[in-house]
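Taking it in order: structure first as structure tokens, then the write-up.
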Amino acid sequence: MPLRSSYPPSKLDMASSMKTLLSDESRYLKSFNLFLDRSTEHKCMQVFIDEILPGELASIGDGKCSFNVLGVGSGAGAVDLQMLSKLQLKYPGASVNNEIVEPSSEQIHNYKVLVAKTPNLENVSFNWNKMTSSEYENHVKENKENKTFDFIHMIQMLYYVSDPAATIKFFHSLLGPKGKLLIILVSGTSGWSHLWKTFKHQLCFNEFSQYITTQDIKEYLDSTGLKYQHYDLPSYLDITECFTEGDEKGELLMDFLTETCEFNKTAPPDLKAKIMSFLRQPECTTEKDGKIIFNNTLGAIMVEP
């Protein structure tokens, strides 16, 4: 379900035979990487970064020659570096202080490896914080840090905080006078949204998993009066293998879709049958050239200061 970033919270002891996928970080990362391979998630983000982000970044400059950027739940850094490249193109020669909040040691290592082999980062400094967003918030408050940021991005991570609204409020408070906060989540029109609404209570094992979409975030922002721009990012996920009994990759994708470790082996037969049937409904999937394609549409929200 909302397993979209490399942002799993601490492992939990589960009483049921069905356990959250977050209880097995190795299997979680396998299913997550397979999801990226089978979906157009990063491609649709790339379109947003190429076509829309430069225009949004144009207003944060105002003669600045140095920028502070904060990535929350950045994972292995692939999307971060794409966005940094657009910032560098928009403001040639400017220095960038790039701060990262990421709780996974493995993903931080992968991020550092990627930085080491990526050219044209001479003007970018990196500071990795191995912590969750709530730990980072506590750190900032305890140390009474007054640092502000020109650009903050929170991509596919608000599912993993106990209070998404409070988290947005805190990070929004770190924006400079012309800064912008980017939030990317699944869309309220996506297959994920329909799946969550129908099976939330059968599959929600974890107090940290928030079954939220961009629609929920827009409602919160509207209630606070904050100004924002919203962009739909059409995306698709090939889940054909999920319908082949015993297919290893199909089972990993089902784990990802249901947020359940070894879903096919541990789920009650009636629940499994209901979900497999639901996934074939037009609210979730379409069939094209013999492939079963899940609606993975995302939404990007750019919040003003």
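Note that region 174-290 presents 48 Å² accessible area per residue, ligands and nucleic acids not counted, probe 1.4 Å. Residue pairs exceeding 25 angstrom between C-alpha atoms, taken from Lys64/Lys86; Lys30/Lys272; Lys218/Lys288; Lys19/Lys274; Lys200/Lys227: Lys218/Lys288; Lys200/Lys227.
Relative to the Cα centre, what is the charge dipole magnitude of the chain, using +1 at the beta carbon of each Lys and Arg, -1 at the beta carbon of each Asp and Glu, and rounding to the nearest 20 debye?
On the way: 30 positive and 39 negative charges, 75 e Å.
Dipole of the chain, to the nearest 20 debye: 360 debye.
Multiplying each eigenvalue of the alpha-carbon gyration tensor of the chain by 5 and taking the square root yields semi-axes of 33, 20, 19 Å, largest first, rounded to whole angstroms. Each helix, a run of at least 4 DSSP H residues, gives -39500 (n - 2.57); summed and divided by the residues of the chain, these come to -12000 deg cm²/dmol at 222 nm.
What is the angle, in °, between the Cα long axis of helix 41-51 and the longest principal axis of the Cα atoms in the chain? Nearest 10 is fine, range 0 to 90. Helix 41-51 sits roughly 30 degrees off the main axis of the chain. Per-residue Karplus couplings for region 234-246, computed as 6.51 cos²θ - 1.76 cosθ + 1.60 with θ equal to phi - 60°, are listed in order as x, 8, 9, 9, 7, 10, 3, 5, 5, 9, 9, 4, x Hz, Gly and Pro entered as x.
Taking a Cβ cut-off of under 11 Å around Glu56, the surrounding Lys, Arg, Asp and Glu residues balance to a net charge of +1, with basic ones at +1 and acidic ones at -1.
The values are calculated or read from the model by the stated rules, or taken from the named source; none is laboratory data. Being a predicted model, the structure only gives us computed values, none of them experimental. No Cβ is skipped: glycine too gets one built from the backbone with ideal geometry, and neighbour counts run over all protein chains shown. Keep in mind that these areas ignore ligands, DNA and RNA; they rest on the heavy atoms of the full protein, side chains included. Shrake-Rupley method; radii C 1.70, N 1.55, O 1.52, S 1.80 Å.
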